[in-house]
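*Asks:* Next up is a structure, given as structure tokens.
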Amino acid sequence: MRETINFLHNESHWIYNTTEVPFGVENGTEDEEEWDWLWGDEAPFIFPKSFQIAAHILYNIILILGIIGNGCVVLIFTFRKLKIRKLPTPLLANLAVGDLLITVFCLETSYLSLLWQYWPFGQFLCFALSPVKPIAVFVSCYTLIALSVDRYMGVKNPLSSRISNKHVKWTIALVWILAVFTAIPTGLFTAYEIHILTGLPRCGEYAWESEMKEMIYDLSLITLQFLIPVIVLIYTYTRISIVVCRNRAVRHRMSQGTSPKQKSLRTVRMSLMVVMGYCIGWFPYNLVSLLAKYTELGESDNFPYVFVACHWLAMSHSVYNPIIYFWLNDSFRITVLELFCRKRALEMKRRRMSSSWRTSTMVASGNGSIKRPTSRVTPLQSPEPYSRSESPLLRIPNTFGDRFQKNKDILEEMEEIMIKN
């Protein structure tokens, strides 16, 4: 079996001996010679109808979740102006745009041409969508790199100011320029052909002058799309974890769930989940693509099913990030609920405000407990008059201010320790 499918290349043809008619091809034939490909005597691998129906269901679940989830992310971060602590939300919105492009323009065409073993969408979409696929994928991976570097610099220099909006815009522009530049060869070498025996169209990169040049480009794509991003992400988030978890006192305050450091930990945790989702989604696909194209492991009878499973896993990455935001970020979860269930969002806001009030009272008391009055004033009693300087209502802000300043000094000392380490 020869395998020539690559999501970034827009190719979708397996070669395998079979006489079945593809599911969805109305004018098929059972004559084996009619299915012979130009480069050999074998016909394309045809998946069973039951497998194709299951694949249709699973891929369309990703399509629906990806459009709804990433659409909500773009809407909330762009139009609702939601801010996440120490993270440039325009980059998060740009990441969602890349995933949305994959879901809308790449998912359906790639999996249908994979299952049916021909290109049913016409010549125009062949040339139009061919560069869109790698652009969307590279926008996502380059944006993840930018987010990880920004988060690393924020933890390394916690007292420095956040990245400015101007720098964020330049970063997004650079991401798109690099993504378009990387996808140029895909558009140049794309060809739309009609098979002379079957009359079925196919769309892919068939204009390479030599196999060596094609292999170099394949390895370059995998290096830029997976290897370099994973190396950068592992390094930056490993350093972040070391800096955040090195000091025990800071780690103890994180465990309380109420200090600013706990919020930073949640942000780091959310970023780590984004990186893990990227690795889980794309590593199996890139691995089986290399094995299928440059080794004999792709000749196994069950390998096409493994490849489809890895392709589905790669496409499912486009829905991971909205789920992670909804799970780990309270502000994002409340804003999403406001779009669909306002009553539920109001209940979460009340609980959050109540928790914040209890936290501030505990900090003001200084010993982790809420101080209650020791005496009550009955209707027959009248409180003794206080002078203005002795009024407890006027003394409380001063006490709270002293406690706040003390806690602030402690946090500054902790950050100095983190910087020295």
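*Asks:* Any idea which of Phe283, Phe307 is modelled with pLDDT of 90 or more and within 20 Å of Ile231 (Cα to Cα)?
*Replies:* Details: Phe307 fails: within 20 Å of Ile231 (Cα to Cα).
Phe283 is the lone residue from the list that is modelled with pLDDT of 90 or more and within 20 Å of Ile231 (Cα to Cα).
*Asks:* On to the next question. Scan the helices (runs of 4 or more DSSP H) fully inside the stretch 1-116 and keep the ones with 2 or more residues being at pLDDT 50 or above and over 28 Å from Thr171 (Cβ atoms). Even if it seems obvious, please write down each step before you answer.
*Replies:* Numbers: elements: 49-74, 89-101, 107-116.
Per the criteria, 49-74, 107-116.
*Asks:* Ok, one more. So Ala364 ticks every box in (1) at pLDDT 75 or above; (2) farther than 24 Å from Leu101 by Cα; (3) touching a Phe, Trp or Tyr at 6+ places or on another chain (Cβ under 8 Å); (4) not polar (S, T, N, Q) but one. Which box is left unticked?
*Replies:* The single condition Ala364 does not satisfy is (1).
The values are calculated or read from the model by the stated rules, or taken from the named source; none is laboratory data. What you see is a predicted model, and the numbers here were worked out from it, not measured in a lab. Glycine also receives a Cβ, built like all others from the backbone with ideal geometry; neighbour counts cover every protein chain displayed.
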